[in-house]
1. For the stretch B:161-180, give me each residue that is under 25 Å from B:Ser133 (Cα atoms) and surrounded by 19 or more Cβ atoms within 10 Å (Cβ to Cβ).
2. Look at A:Trp92 and say whether it is within 30 Å of B:Ala293 (Cα to Cα) and aromatic (Phe, Trp, Tyr).
3. Looking only at the stretch A:3-52, filter to residues that are surrounded by fewer than 21 Cβ atoms within 10 Å (Cβ to Cβ), polar (S, T, N, Q) and part of a helix (DSSP H, G or I); which one of those is nearest to the chain's Cα centre (by Cα)?
4. If you go through the stretch B:40-91 one residue at a time, how many are acidic (Asp, Glu) and away from chain A (no Cβ under 12 Å)?
5. Please work out if A:Ser257 is in contact (Cβ under 8 Å) with a residue 40 or more places away in the chain, more than 9 Å from every other protein chain (Cβ to nearest Cβ) and either over 13 Å from B:Thr102 (Cα atoms) or aromatic (Phe, Trp, Tyr) (or both).
6. Can you say whether B:Ile209 is over 30 Å from A:Asp45 (Cβ atoms) and either among the hydroxyl-bearing types (Ser, Thr, Tyr) or surrounded by 14 or more Cβ atoms within 10 Å (Cβ to Cβ) (or both), as far as the supplied structure shows?
7. Checking the conditions here, which among A:Leu163, A:Leu214, A:Leu173 is within 14 Å of another protein chain (Cβ to nearest Cβ) and under 25 Å from A:Asn91 (Cα atoms)?
8. Inspect the stretch A:53-60 for any residue being crowded, with 22+ Cβ neighbours inside 10 Å, free of Cβ contacts under 8 Å to residues at least 24 places away in the same chain and more than 10 Å from every other protein chain (Cβ to nearest Cβ) and give the result as yes or no.
Amino acid sequence: MLWDALSLQLGYNATLVAIGATLLGVSAGVTGTFLFLRKRALVSDAISHATLPGVCLAFMVLVAFGGDGRNLIGLLLGSAISAWVGLLCMNWLTRHTRLAEDAAIGAVLSVFFGFGIVLLTVIQTMGVGRQAGLEGFLLGSTAGMLWADALIIAVGGAATLGLVMIIRRPMMLVAFDPEYAAARGLPVHRIDLAMMGLVMAVTVVGLKIVGLILIVALLIIPPVTARFWTNRSDYVVVLSGLAGGLAGYLGAALSASAPNLPTGPIIVLVSFGFFVLSLLLAPTRGVLAAILRHVRFQRRVHIRQGLLALAQGQKIYEPLTIRLLRRAGVVRADGVATEAGKACAAKALRDEKRWEVVRADQAHEATAALYDGLRDIETVLTRDQIAEIDRRIGGPQGVAT
Amino acid sequence: MSGEEFVPLSLTPLLIGTFAAIACALPGNFLLLRKQALIGDAISHVVLPGIVVAFLLTGAISTWPMMLGAAGAAIVAVVMIEAIRRLGQIEPGAAMGVVFTTMFAAGVLLLEQSDTSAVHLDVEHALYGNLESLIWLDATGWASLLDVQALTGLPPELPRIALTLIGVSLFIWLLWRPLKISTFDEGFARTIGIRTGALGMGLVIMAAIAAVAAFDAVGSIIVIAMFICPPAAARMMTNRLETQIAWSVLFAIVSAVSGYVLAGYGPLWIGGADAVSAAGMIATVSGVILAVAAAFGPCRTRAGTPGPA
């Protein structure tokens, strides 16, 4: 069943939804990256909630003119207009009043959404039939998606993607360093607005599939996921698009494979699954990598301290140190150093002495700053320098056992 | 309108709405100043899975397990946001976005998967609440306020939200000085021995309790609006925290009362037949208040000086 869904053989509607969700995921992931790097991820929350009054007003206008209230283009147009108004309100609040951006986001979000709900109840009491479709915009409703709807989503998603590709460089510049961008003569404020406009476009396109509450997840989670894997911004954009698209595709397929699995939430949960995997497994930034790094560091400290203790003839009590030294073949089971171990220990003690000389010498100040008790001195000084230091220390001394 | 109509039908929803608005606006003042205003938004989203899980575990729509579930979900969310922020070194806004959308999605999924069609538990209800239905049927008029038997028929949301309001007020009153100091200057607060971490956590938990209690009565949309709009509007009116809180309470009351009245009677005045959503209207009114304050408030600009000095 799941395989059928993944290979798009579960009927017309499921295929449409899967394709639409994939395209939406890609464009949301790519667009969201800029938002995330600009540290304004939650702006998308305000934008998406602000679409509701527009949807309702568009429905009322459509009905008033005797049209079909559920015409998707009309509804999306309405939602875009009200989201834009919300965006401008938010920008005005942050630029012209003392409110911080988070407060402006929350204010726009709650007020527009509240007003949307008022309109929703007005529509319910208008007595026009077939208003049920409107509540689908809250959480998305993919059942009964038409070819025309899918086409709108595909065209909208592709257009957004194209626009992002065209203005990606200025957007990236603004995201990383707005002051520098301003100094270069870029219109930072307008680029920001363009970025928000693109986010709004994605939101509007995604209303039908995941609904206005969950579209935020598609804009935020894939970029955060992608950020774990790389430090290069263009790779983040590509990976985020990939993660979003894959989540959209898998989520749509999963939701088609069994009853009672709403598409929007499933896509979000799949996306979150990718996020958790990345959080745990990503190289360098992942939790697992951090734990491994910590363990490796701990071992190096224990071995180093153990060797120094051996060299100075002190007894080692720490069980972890003994275990590590034994595994390295430095000590025997009773804690006595082997021949190889004695050599290692002598080397460690000598290195420590060499470091001492380096740190006492003003001429080696830059090198001394690298001292952390673990670094091999050969990695920071040339052989000649070490020989010079050794001459100052004098010949090797016997190791007490 | 006479007392016979007003007391049973409108008094309790009005009181509940007002109490809920104040209970959210009070901690909202501090959250706003600490730039944590969106905590209310996050909490009101994650309440849904908590309630659904509580329902699945107990199998009944009963209040206490559901409130516990909601509070549990709020705590889980706060912990998860913090964990993701620290483990993944992600900015707080994005971490919050990841957590609350995921938990909300999980809530919707659980709701669809479980057989809740027979009971009154759905996403729309969670969003708009049900302020209009909290009527006091046992009341016959103003005299019922003194009638013990009629008082026992009060909707249980009223004492609960009143208790929450008292709790929130007590929290803020008792911890006024540390709260004020740590809100404005966390470093200084630490040097004079205030445990700012615990205090911040306490404030968030208090906000969560207020959110859950209000959510139970009036739905999440009012919760978000009341956490942010009245304090934000009050911020435009003054530079003093005490005055700001007073203004925010006033704004909360005005929003709740006028929102309820407009929703209930406004459509009738302009010739409509039915009332509109009170929760939505209260949020809308609070937004209008904020807009007016943002346009004309004496301290609306960032420098905060009223007029040219």
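1. Within the stretch B:161-180, B:Ile161, B:Thr164, B:Leu165 qualify.
2. Judged against the criteria, A:Trp92 is a match.
3. Per the stated criteria, the residue is A:Thr15.
4. 1
5. yes
6. In short, no.
7. A:Leu214
8. Looking through the stretch A:53-60, at least one residue is crowded, with 22+ Cβ neighbours inside 10 Å, free of Cβ contacts under 8 Å to residues at least 24 places away in the same chain and more than 10 Å from every other protein chain (Cβ to nearest Cβ).
The values are calculated or read from the model by the stated rules, or taken from the named source; none is laboratory data. Just so we're clear, the structure is a prediction, and the values are computed from it rather than from any experiment. Positions of Cβ are generated from backbone atoms using ideal geometry, with glycine treated the same way; all protein chains shown enter the neighbour counts.
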